[in-house]
Amino acid sequence: MRRATDASAEFQAIFSDRTWSGDDTTVVLSCLPTNTGVRLSTKQVGDEDMKRTMAQSLTYGKHGFFDRKLGLDEAVDEDSLRLFQSNGGRQPQSLVIATCGGLLVSAKVLRHERKSHLDMGNLFLVDQEDVRDILTRLAAFSADTYQTVYGYAGTVYVTAGLLNMGHRMFGPRPSGEQHTGHMFPGDGSTPVIVPGSPEQRDMPASPADWAAVAEDMVELFRRRFRNERRPEE
């Protein structure tokens, strides 16, 4: 059985080894089975059938979240398979399957259409509803991948992250135009990861479960932004 302290170190290794390019705010969901026997070999992560299966699932699967209009790139090393999409040098969507059993999926937060040239909402805020929707899709895809690739439906450690937040805050989007707002005064380049220590939970198996994962992570983000990224008075 994988301990939480071990999971934390493995998450850090998987996360820190990735290249996150571009300036789009990106939502990341990471999972790691509590069962240490759920693993893949180096040969398996580099297998062509595995690549084709995952590419099909990402683009055309029931819970796929890749853009069908963009091409798909890959990177394979001895520890992981990475499939991602590039758009103007950015990598808005990606999947990492690690030999340790870890799964990392990410998707960018789309900017809202401005209501007028005075609307500054995209500059000041990342909408929590957008993040919740993305996390719900990523949770569904992750659960489906564990069942498809590993035949696993047990417990997992889960973390979520927000990357490239810049100086924007996190919360509900105003119903009208936003002309002013607070901006975070500190280092906006540091990823925001929740929870502080990986939490163990049952594999989400239904729409209600996927939504529950997303809601729990959004609430943790709200608390982090209230406590650590509170704007200066």
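The values are calculated or read from the model by the stated rules, or taken from the named source; none is laboratory data. Since the model is a prediction, treat every value here as computed from it, not as a measurement. Please note: Cβ atoms are built from the backbone with ideal geometry, for glycine as well, and neighbour counts cover all protein chains shown. With ligands, DNA and RNA removed, areas are computed over all heavy atoms of the protein, side chains included. Shrake-Rupley method; radii C 1.70, N 1.55, O 1.52, S 1.80 Å.
Condition first: in a loop (DSSP other than H, G, I, E, B) and aliphatic (A, V, I, L, M). Now tell me which residues in region 29-58 satisfy that. Give the steps one after another, and end with the answer.
Kept after step one, since they are in a loop (DSSP other than H, G, I, E, B), are these residues of region 29-58: 34-41, 46-47.
Scanning region 29-58 gives 38, 40.
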Give me the pairs, please: first residue somewhere in region 59-86 and assigned to a helix (DSSP H, G or I), second residue anywhere and open to solvent by 50 Å² or more (accessible area, probe 1.4 Å) and of a type in the set (A, V, I, L, M), beta-carbon distance under 9 Å, and either six or more positions apart or on two chains.
59/72
Residues being closer than 18 Å to residue 161 by Cα and either at pLDDT 85 or above or open to solvent by less than 40 Å² (accessible area, probe 1.4 Å) (or both) - total across region 205-233
17
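Being open to solvent by 30 Å² or more (accessible area, probe 1.4 Å), polar (S, T, N, Q) and touching a helix residue (DSSP H, G or I) at 6+ places or on another chain (Cβ under 9 Å): is that true of residue 148 here? Break it down into steps so the answer makes sense when it comes.
Working: open to solvent by 30 Å² or more (accessible area, probe 1.4 Å): yes; polar (S, T, N, Q): yes; touching a helix residue (DSSP H, G or I) at 6+ places or on another chain (Cβ under 9 Å): yes.
Criteria met by residue 148.
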Tell me which of these residue 96 doesn't satisfy, since it passes every other one: (1) over 22 Å from residue 11 (Cα atoms); (2) open to solvent by less than 30 Å² (accessible area, probe 1.4 Å); (3) not in a loop (DSSP other than H, G, I, E, B).
(1)
